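The values are calculated or read from the model by the stated rules, or taken from the named source; none is laboratory data. Keep in mind it's a predicted model, so treat the numbers as computed, not measured. Note: ideal-geometry Cβ built from the backbone for every residue, glycine included; neighbour counts use all protein chains shown. Note: accessible area is taken over every heavy atom of the protein model, side chains too, but ligands, DNA and RNA are not part of it. Shrake-Rupley method; radii C 1.70, N 1.55, O 1.52, S 1.80 Å.
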Amino acid sequence: ARFSNFANLPDPAADNYDYFLNASGSILQRYFHYNGPEGNSPPDVTDTNRGNTTLPSVEDLNRDNTMNTVDSYYEYEVELFPNMNIDNSEYVTDVKSFSTTLANGQELPVRWLQFKVP
């Protein structure tokens, strides 16, 4: 809702959840948005909108109901350079290019890169 006009997309994060019985199309198309976290645990559960979890989407990944104070994590360095794309970087898996209108009316090109580190 906050960035509703961003890139002229209804859901720029592409994380909307759809219960497969509410979607239309082939079996693959109906399950396409099943893993999206936004709305995947609805407060009102019905036969046609059950969600894919009864647990809310939170940062407690191991579900032990405690705040983890150990800051152990992996660190990767990825070289960034102009005009990165799928062809010239092993970590770029998708590129989206759009033009968006700023609040002052100026058009601005926007480019999103999806990185995946194995």
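Structural remarks
- Candidates GLU77, GLU59, filtered to the one that is part of a loop (DSSP other than H, G, I, E, B), open to solvent by 60 Å² or more (accessible area, probe 1.4 Å), out of contact with any Asp or Glu (no Cβ under 7 Å at 6 or more places or on another chain) and at pLDDT below 80: GLU59
- Taken over the stretch 13-54, residues that are in a loop (DSSP other than H, G, I, E, B), open to solvent by 60 Å² or more (accessible area, probe 1.4 Å) and within 24 Å of LEU113 (Cβ to Cβ) amount to 6.
- Flag for ASN49 being polar (S, T, N, Q) and touching a Phe, Trp or Tyr at 6+ places or on another chain (Cβ under 6 Å): yes
- Within the stretch 99-117, tally of residues that are under 30 Å from TYR73 (Cα atoms) and loosely packed, with under 11 Cβ neighbours inside 10 Å: 2
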